[in-house]
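Structure first, then comments.
The values are calculated or read from the model by the stated rules, or taken from the named source; none is laboratory data. Predicted model only: the values in this text are computed from it and were never measured. With ideal geometry, Cβ positions are generated from the backbone for all residues, glycine too; neighbour counts draw on all protein chains shown.
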Amino acid sequence: MIVQYQVSGIQVHDARIAAAMQVHGIAQILTYNPRDFARYDGINPLRPDEAIS
């Protein structure tokens, strides 16, 4: 994933979460920063206000 999505610096932490999600078949993540996960195929980031409505 690091090479495929050209991840570097602080973004590595989000890549690690995205990789764990893919391994365990989890498609959605609740986050205040959906742009951090938008690059990863198969990951659907949701803001808390979107999850409630």
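Please enumerate the residues belonging to the stretch 27-53 that are small (Gly, Ala, Ser), within 23 Å of residue 2 (Cβ to Cβ) and in contact with a strand residue (DSSP E or B) (Cβ under 8 Å, 6 or more places away or on another chain).
Scanning the stretch 27-53 gives 27, 38.
Could you say which residue among 10, 29 is of a type in the set (A, V, I, L, M, F, W, C), at pLDDT 95 or above and either surrounded by 10 or more Cβ atoms within 10 Å (Cβ to Cβ) or out of contact with any Asp or Glu (no Cβ under 9 Å at 6 or more places or on another chain) (or both)?
29
Quick one: what pairs do we get from the stretch 39-53, first residue among the basic types (Lys, Arg), second in a helix (DSSP H, G or I), C-beta under 7 Å, 6+ apart or different chains?
47/34
The rows are residues; the columns are (1) in contact with a Lys or Arg (Cβ under 8 Å, 6 or more places away or on another chain); (2) at negative phi; (3) of a type in the set (Phe, Trp, Tyr); (4) outside any loop (DSSP other than H, G, I, E, B).
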site	(1), (2), (3), (4)
4	no, yes, no, no
9	no, no, no, no
12	no, yes, no, yes
16	no, yes, no, yes
20	no, yes, no, yes
25	no, no, no, no
49	no, yes, no, yes
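Using the structure shown, decide if residue 39 is modelled with pLDDT under 95, outside any loop (DSSP other than H, G, I, E, B), at negative phi and among the basic types (Lys, Arg).
When the stated conditions are applied, residue 39 does not pass them.
Do you know which residues across the stretch 16-26 are free of Cβ contacts under 8 Å to residues at least 24 places away in the same chain and either under 11 Å from residue 1 (Cβ atoms) or under 9 Å from the mean Cα position of the chain (by Cα) (or both)?
The answer is 16, 17, 19, 20, 21, 22, 23.
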